[in-house]
Amino acid sequence: MILDVRTRWNSCFYMLQRFMELVSIVGSILLTRPEAPLMVPSSELDCIKEMIELLCPFEKLTKEFSGDSYVTVSKVIPLVSCVREVLENIKPKNAIILQFKEELKKQLARRFDTLEHSSILAISTTLDPRFKFMHFKDSVAKSKVFNYLNKFVREYNSSPGAATATRSDTSDESDKDDSKDEKRGTEGIPNNYTQN
């Protein structure tokens, strides 16, 4: 069995999930031991199942945001948007779990309603070709990002260095080495999009 750890919300989720996987084994063990506590009633087992269903998207979200070998900043807005949609589509039958769902939605709104107005998150999401503006719900935030990116492109195109495609051939050998370092990772990108 997995036990709950107070400082990690997902430990409670894993504990409930493991309990549901082992419920038949736990039940048969409890039947053979008269001194053991009573088994969880079936109505509460149904509650646990519905609670796991509600928490599952949050567990996936937590795992995705905890990644350290891939970019996560551009995924924040899309993943939170997807969790909201999944949460909306879950229809619990139990009144307690329905209340729990409403509290989850309220907390999600309280913590993440202004997410699209964070310039770093919004620009990162927009520039990620997988997402662009697909998950933006707030049209004001969407237009702010669009205007900012247009302004940035105009400023870049009007800067004196933007028109220069390559360095002159008169550079000394050390400049050529610096040029190689600067261009590393920009292969395949037209010269007018890389800084020289």
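Each value in this text was obtained by applying a stated rule to the coordinates, not by laboratory testing. None of the values given here were measured: they were computed from a predicted structure.
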Output ³J(HN,Hα) for the range 119-124: one whole-Hz value per residue in order, computed from phi by the Karplus curve 6.51 cos²θ - 1.76 cosθ + 1.60 with θ = phi - 60°, and x for Gly and Pro. 4, 5, 5, 5, 5, 4
Can you tell me, using C-alpha contacts under 8 Å and at least 6 residues apart, the relative contact order of the range 30-175 as a whole percent? 20 percent
On the Cα set of the range 14-117, report Rg and Dmax in Å, please. 17.6, 59
Going down the list 49/91; 63/101; 60/101; 101/142; 106/132; 63/144, which pairs span over 23 Å between their C-alpha atoms? 101/142; 106/132; 63/144
